[in-house]
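S.K.: Handing you a structure now.
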Amino acid sequence: MSEPAVHAFGLRRRFSHPSGDVEVLRGLELSVAAGELVTVSGRSGSGKSALLALLGGFDSPDSGRVLLAGEPIDGAPPWHTCAVLPQALGLAHELTVAENVALPLRLRPGTDSTEERVTGLLADLGVGQLADRYPSEVSFGQQQRVALARAVSGRPKVLLTDEPTAHLDAGSSPAVLRLLRRCADEGAAVIVATHDDAVHAIADRRVRLSDGVLSAA
């Protein structure tokens, strides 16, 4: 049996607070296979973003481990291994929309035509007309779609997304859902933290984070 694309076990994470330390993850376990789309639900402040930060290597657990394809992570892995769409989008404001999306491809040239890949993703997400603009010249919802295009442009093995439809109107969300589903169907392990029932509806599996542990939702 092959290793899961993502395997987290025994994850504990505590944060300091003026009123006392808060343990948001308490020995959490999660395995996600290649080609599987898993959504994580839970109230605001339950630790969903903290979990994604640990899975993406942007934070370190107080105890426990995260394995990607059976290998422990040490810091943030390269984008072709694990790509992240955080709530703080992190677009490079000195680059155009198209240049932002092309960045993972230029860092690791592959078989894709960079221009073709970028143009296709922006068109799929309904922001193709913004290719030559800068992030400051487009709305936050459009920036969110650009950041998603950047995350998936390098065909990562693992895709982590935090509330990917939170700033989108009803007309924009379906394109994001189709792209997330397509990434999983093409073999990526996709993990989405979300409150959106429309995102849960396309998932292979839904889990809920409560009291620092995950359970089937």
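S.K.: Between a residue in region 81-110 that is touching a residue at least 40 places away in the same chain (Cβ under 8 Å) and closer than 28 Å to residue 45 by Cα and any residue that is of a type in the set (D, E, K, R) and not in a helix (DSSP H, G or I), which pairs come within a Cβ distance under 6 Å, given they are 6 or more apart or on different chains?
M.R.: Close Cβ pairs (under 6 Å, with a partner that is of a type in the set (D, E, K, R) and not in a helix (DSSP H, G or I)) amount to 81/157; 86/162; 87/162; 87/163.
S.K.: Separate question: It is to be established whether one or more residues within region 166-180 are aliphatic (A, V, I, L, M), within 11 Å of residue 37 (Cα to Cα) and assigned to a strand (DSSP E or B).
M.R.: no
Conditions (1) closer than 23 Å to residue 205 by Cβ; (2) out of contact with any Lys or Arg (no Cβ under 7 Å at 6 or more places or on another chain), marked per residue:
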position: 33; (1), (2): yes, yes
position: 44; (1), (2): yes, yes
position: 49; (1), (2): yes, yes
position: 65; (1), (2): yes, yes
position: 68; (1), (2): yes, yes
position: 81; (1), (2): yes, no
position: 95; (1), (2): no, yes
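S.K.: So which of 131, 170, 123 ends up being touching a residue at least 12 places away in the same chain (Cβ under 8 Å) and not β-branched (Val, Ile, Thr)? Lay out the reasoning, then the answer.
M.R.: Working: 170 fails: touching a residue at least 12 places away in the same chain (Cβ under 8 Å); 123 fails: touching a residue at least 12 places away in the same chain (Cβ under 8 Å).
Checking each option against the conditions leaves just 131.
S.K.: Quick test of your reading of the structure: residue 199 fulfils all but one of (1) out of contact with any Leu (no Cβ under 9 Å at 6 or more places or on another chain); (2) farther than 17 Å from residue 82 by Cα; (3) crowded, with 22+ Cβ neighbours inside 10 Å. Name the failing condition by number.
M.R.: The failed condition is (1).
Read-outs: derived from the displayed coordinates by stated rules, not from any lab. Computed from a predicted structure; not experimentally measured. For neighbour counting, all protein chains shown are included, and Cβ atoms are generated from backbone atoms with ideal geometry for every residue, glycine included.
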